2 protein chains.
Amino acid sequence: MKMLINVAETVVADALRGMAVAHPELTVDVENRVIVRRDAPVAGKVGLVSGGGSGHEPLHGGFVGPGMLSAACPGEVFTSPVPDQMLRAAAAVDSGEGVLFIVKNYTGDVLNFDMAAELADDEGIRIAKVLVNDDVAVQDSLFTAGRRGTGATLFVEKMAGAAADEGRPLDRVQEIAVRVNENSRSFGVALSAVTTPAKGSPTFDLPAGELELGIGIHGEPGRERRAMMTSREIADFSVDAVLDDLDPKAPVLVLVNGMGATPLLELYGYTAEVHRVLAERGVPVARTLVGNYVTSLDMAGASVTLCQVDEELLRLWDAPVSTPGLRWGR
Amino acid sequence: MKMLINVAETVVADALRGMAVAHPELTVDVENRVIVRRDAPVAGKVGLVSGGGSGHEPLHGGFVGPGMLSAACPGEVFTSPVPDQMLRAAAAVDSGEGVLFIVKNYTGDVLNFDMAAELADDEGIRIAKVLVNDDVAVQDSLFTAGRRGTGATLFVEKMAGAAADEGRPLDRVQEIAVRVNENSRSFGVALSAVTTPAKGSPTFDLPAGELELGIGIHGEPGRERRAMMTSREIADFSVDAVLDDLDPKAPVLVLVNGMGATPLLELYGYTAEVHRVLAERGVPVARTLVGNYVTSLDMAGASVTLCQVDEELLRLWDAPVSTPGLRWGR
């Protein structure tokens, strides 16, 4: 498998050097692996810190900026960052109003963010946490007790970021984050396996004529394999899987998310099918976002995330955001 | 090759249906294949129309909106749109101030935009044109007399769009577009071939251990094949190829553009190497954009585009833009 890299050992550091030169509005600490808004800490505002294994870009580093994250901690590819990174990030962004940790539900991330919270507490930084676990595909997985955190992370980071931007206190920002997660569900499919730089070959075997339904963002197994399906059939299966678990009583935000190697042309076609299913099921759509946001390196495939929104959440979604990966309204 | 599609025959129409539901700020005419700003024509402002084969998304449809294109015409995959599309687009966006056609230098596009310009003239619409031909890799190619138009298209569309937004007359908007193209050069590499929906298998054969230097955005042959190189070596080769042809006397905009299937993690690492080479060659960088903007479906690889900018062009680059694929400043 060919990659546009130097050596596997330096891919994360090399990418951070690239982020540093491309985004002067961010402070990128390459050695310690922390990406921070240059204007942090912002007086009177809660800080938001997230992080996780690399390989899901633009998540999380690409979501650092006004209206979204205050800082992000990238781990090695598909490997949790360490508590020291999270502690550094928290210290860099805490204005005295406290810090919210946004944690995807993977065992390593959960343990390390817990440890970082204890260390931060020792240093007098108030920490609140939210656990993102939106993936309805499997109850437990290779790296998870309980459901995996996937596409909803973007929704949580965006809306909690907007709440922090409005100057809300830590417990209210946390409440928004929890509410977004509770109202979000995801389901993803893979058409190809993923290849990590360290391994250099696909992490699992997906036969030529098959797809994997319910895939995770690290190539963890999903619910089942089937003979290749059409976009229409995949949308039916995926949206139904989400709606089996979330019965929206209000309009939804829709994220049609590419896993990395699926062309935007296909993602838009898939979006049409996702909207068709939602219309057939009587679910009104408030907003739709299409693109590669929570990826899995070079995996082909797509996930659908729905988030049921009330007026307050919709206002927070629409609020201005200015990050490398998501930007509108200012 | 598995794709997230229904059937090859409907991929473009399906994608347009998806754009329509995802972007209510655009008017998407699925039947006639024209994407237009909902507020077009904008009184007192020149209209900008571009188009080309599909498969390069977000180019061009994703660049329709305030501060960039007024309309885009998508052809079939890797196939020029037809004059009737361009005429419809011109008629939809002409406020009486005239329309600039932004044309990538491919034989089909050039012929069809020329014909559309004649038809528009018959209808009393003033048309000016700019030909984008930034790719230094080959002098002529499979689909081109002269150099191919690639990454610089984004620069031309953005800066001419900003000039139109400022209310400049047609000849001045055209002059900006020509100036941007003349100051821009690109060079791309492919690590894998591209697969079109109609063919269903790779359009060319790229052996496991080799890369293609100087690839086009349709998988046209480049300058040469070599044994796989590191990111550092590819950056040296690519930036030198550009600088052999463009000797910047002023700072440059840098576009590090993914061809579709190369992970953002790798693109950022490559960006670090591109900046390293530019620093070594004494070329100052004004702005850097990293991501998948002018793509070639599922091809892995990346291109580098440099655009030498004076103060005026830099101001036009920084001006607000609000499109699905490029957005900042408002």
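Using protein chains only (no ligands, no nucleic acids) and a 1.4 Å probe, work out which residues of the range B:1-20 have their accessible area cut by at least 20 Å² relative to the chain alone.
With the partner chains in place, the range B:1-20 has these residues losing at least 20 Å²: B:Lys2, B:Met3, B:Leu4, B:Ile5, B:Asn6, B:Asp14, B:Ala15, B:Arg17, B:Gly18, B:Met19.
Distances in nm, one decimal, shortest first, from B:Arg172 to the same residue in every other copy, taking the label point 7 angstrom along Cα→Cβ.
4.7
Modelled label-to-label distance, A:Glu182 and A:Glu25, 7 Å Cα→beta-carbon offset: nm?
With each label placed 7 Å out from Cα toward Cβ, I get 3.3 nm.
Project the alpha carbons of the range A:220-260 onto their principal axes and report the range along each, largest first, in whole Å.
34, 23, 23
Would you please classify the overall shape of the range A:1-64 from the alpha carbon gyration tensor, given that a ≥ b ≥ c denote the square roots of the eigenvalues, rounded means a/c under 1.5, and beyond that prolate means a/b larger than b/c while oblate covers the rest?
Judged from the Cα gyration tensor, the range A:1-64 comes out prolate (a/c at least 1.5, a/b above b/c).
Treating only the Cα positions of chain A as identical point scatterers, give the base-10 log of I(q)/I(0) from the Debye formula at each q in 0.13 Å⁻¹.
Debye output, listed in q order: -0.91.
So what is the orientation-averaged projected area of the range A:61-106, using the convex hull of its C-alpha atoms, in nm²?
Projected over every direction and averaged, the Cα hull of the range A:61-106 covers 3.7 nm².
Around A:Gly214, which amide H atoms from residues at least 5 apart in sequence, or from another chain, sit under 5 Å from its own amide H, with H modelled in the peptide plane?
Result for A:Gly214 returns A:Gly188, A:Val189, A:Ala190, A:Arg223.
Hand me the tally of lysine pairs in the protein assembly as shown: alpha carbons under 15 angstrom apart, and the pair either on different chains or 8 or more positions apart.
Counting lysine pairs in the protein assembly as shown gives 6.
Hey, what do the phi angles of the range A:33-43 turn into as Karplus ³J(HN,Hα) couplings, whole Hz, using 6.51/-1.76/1.60 and θ = phi - 60°, x for Gly and Pro?
Along the range A:33-43, the couplings run 6, 9, 10, 10, 4, 5, 8, 6, x, 8, 3 Hz.
Please pull out the direction-averaged projected area of the protein assembly as shown, using the convex hull of its alpha-carbon atoms, in nm² to one decimal place. Show your work: numbers first, answer last.
Working: hull surface 101.4 nm².
About 25.3 nm², averaged over all directions.
Viscosity 0.692 mPa s, temperature 37 °C: give me the Stokes-Einstein translational D for the range B:257-301 in µm²/s, with Rh taken as the Kirkwood radius over C-alpha pairs.
D, rounded to a whole number, is 293 µm²/s.
Where only protein heavy atoms count, and the probe is 1.4 Å, what is the accessible area per residue for the protein assembly as shown in Å²?
Result: 33 Å² per residue.
Mean separation of Cα pairs under 8 Å and 6+ residues apart, divided by the residue count of chain B: what relative contact order is that in percent?
Working: 820 pairs, mean separation 59.4, N = 330.
About 18 percent, as a whole number.
Probe radius 1.4 Å, ligands and nucleic acids left out: which of B:Thr79, A:Thr288 has the largest accessible area, and how do the rest follow?
Result, largest first: B:Thr79, A:Thr288.
What is the log10 of I(q)/I(0) for the range B:8-183, computed with the Debye formula using one identical point scatterer on each Cα and no solvent, at q = 0.12 Å⁻¹?
-0.47
Output the direction-averaged projected area (hull surface divided by four) of the convex hull of the alpha-carbon atoms of the range A:106-259, in nm². Let's see the in-between values first.
Details: hull surface 44.7 nm².
Averaging across all directions leaves 11.2 nm² for the Cα convex hull.
Given Cα pairs under 8 Å that are at least 6 residues apart, what percent is the relative contact order of the range B:119-203?
28 percent
With an 8 Å Cα cut-off and a minimum separation of 6 or more residues, compute the relative contact order for the range A:184-317 in percent.
On the way: 278 pairs, mean separation 45.8, N = 134.
It rounds to 34 percent for the range A:184-317.
Charges on Cβ only, +1 for Lys and Arg, -1 for Asp and Glu, centred on the Cα centroid of the range B:8-183; of B:Thr150, B:Val49, B:Ala72, which one is farthest towards the dipole's positive end?
Among B:Thr150, B:Val49, B:Ala72, the one farthest towards the positive end of the dipole of the range B:8-183 is B:Thr150.
How far is B:Glu31 from the same spot in each other copy, in nm, shortest first, if each label point sits 7 Å from Cα toward Cβ?
Going from nearest to farthest copy, the values are 6.6 nm.
I'm checking a number: the convex hull volume of the Cα atoms of the range B:175-217, normalised per residue, in Å³. What is it?
86 Å³
How long is the gain from B:Arg225 to B:Met115 if the chain were fully straight, where each residue apart is worth 0.36 nm and the alpha carbon distance is subtracted?
Net length gain for the segment: 35.9 nm.
With a cut-off of at most 11 other beta carbons within 10 Å, and DSSP calling the residue loop, which GluC sites (Glu not before Pro) in the range A:14-89 qualify? Please list them. If you can, show how the numbers build up before the last one.
Details: sites: A:Glu25, A:Glu31, A:Glu76; in loops: A:Glu25, A:Glu31.
Sites meeting the loop and neighbour criteria: A:Glu31.
Which residue of chain A is nearest the rotation axis onto chain B, counting by its Cβ, and what is the distance in whole Å?
Per the A/B rotation axis, the closest residue of A reads A:Ala261, 2.
How many angstrom separate the Cα center of the range A:266-300 from the Cα center of the range A:156-196?
So the separation of the two Cα centres works out to 17 Å.
Based on Cβ point charges of +1 for Lys and Arg and -1 for Asp and Glu, what charge dipole magnitude is obtained for the range A:153-235 about its Cα centre, in debye rounded to the nearest 20?
Taking the Cα centre of the range A:153-235 as origin, the dipole is about 120 debye.
What FRET efficiency would be calculated for the residue pair B:Glu166, B:Asp310, taking the C-beta separation as r and a Förster radius of 25 Å, to the nearest 0.05?
It comes out at approximately 0.95.
How big is the dipole moment of the protein assembly as shown about its Cα centre under a simple scheme where the beta carbon of each Lys and Arg is +1, that of each Asp and Glu is -1, and everything else is neutral? Debye, nearest 20, please.
Roughly 420 debye, rounded to the nearest 20.
Given the options A:Leu191, A:Thr203, A:Val290, identify the residue whose Cα lies farthest towards the positive end of the charge dipole of the range A:184-317 (+1 on Cβ of Lys, Arg; -1 on Cβ of Asp, Glu).
Going by the charge dipole, the pick is A:Val290.
Using helices alone, I'd like the mean residue ellipticity at 222 nm for the protein assembly as shown: each DSSP H run of four-plus residues gives -39500 (n - 2.57), total over residue count, nearest 500.
Roughly -10000 deg cm²/dmol at 222 nm, from the helical runs in the protein assembly as shown.
Would you mind giving the total buried accessible surface between chains A and B, with a 1.4 Å probe and ligands, DNA and RNA left out, rounded to the nearest 100 Å²?
The contact between B and A buries close to 4300 Å².
Binning at 10 angstrom from zero up to the longest distance, how are the C-alpha pair distances of the range B:184-317 distributed in percent?
Pair shares across the bins are 13, 44, 31, 10, 2.
Tell me, how many Å apart are the Cα centres for the range B:114-138 and for the range B:206-263?
For the range B:114-138 versus the range B:206-263, the Cα centre distance is 28 Å.
Please list, in order along the range B:191-200, the HN-Hα scalar couplings obtained from phi with the Karplus expression 6.51 cos²θ - 1.76 cosθ + 1.60 (θ = phi - 60°), rounded to whole Hz, x for Gly and Pro.
Those phi angles translate into 9, 8, 7, 10, 10, 8, x, 5, 8, x Hz.
Given Cβ point charges of +1 (Lys, Arg) and -1 (Asp, Glu) and nothing else, what value in debye, to the nearest 20, does the dipole of the range A:184-317 about its Cα centre take? Each step should come with its number before you reach the end.
Working: 11 positive and 18 negative charges, 42 e Å.
About 200 debye.
Within the range B:215-317, what percent of beta bridges assigned by DSSP are antiparallel, to the nearest 5?
50 percent
Output, in nm with one decimal and in ascending order, the distances from the A:Glu123 label point to the matching label points of the other copies (7 Å from Cα along Cα-to-Cβ).
Once sorted, the set of distances for A:Glu123 reads 6.3 nm.
The values are calculated or read from the model by the stated rules, or taken from the named source; none is laboratory data. Keep in mind it's a predicted model, so treat the numbers as computed, not measured. Positions of Cβ are backbone-derived with ideal geometry, glycine not excepted, and every protein chain shown enters the neighbour counts. Each accessible area value is taken on the protein alone, full model and side chains, heavy atoms only, with ligands, DNA and RNA left out. Shrake-Rupley method; radii C 1.70, N 1.55, O 1.52, S 1.80 Å.
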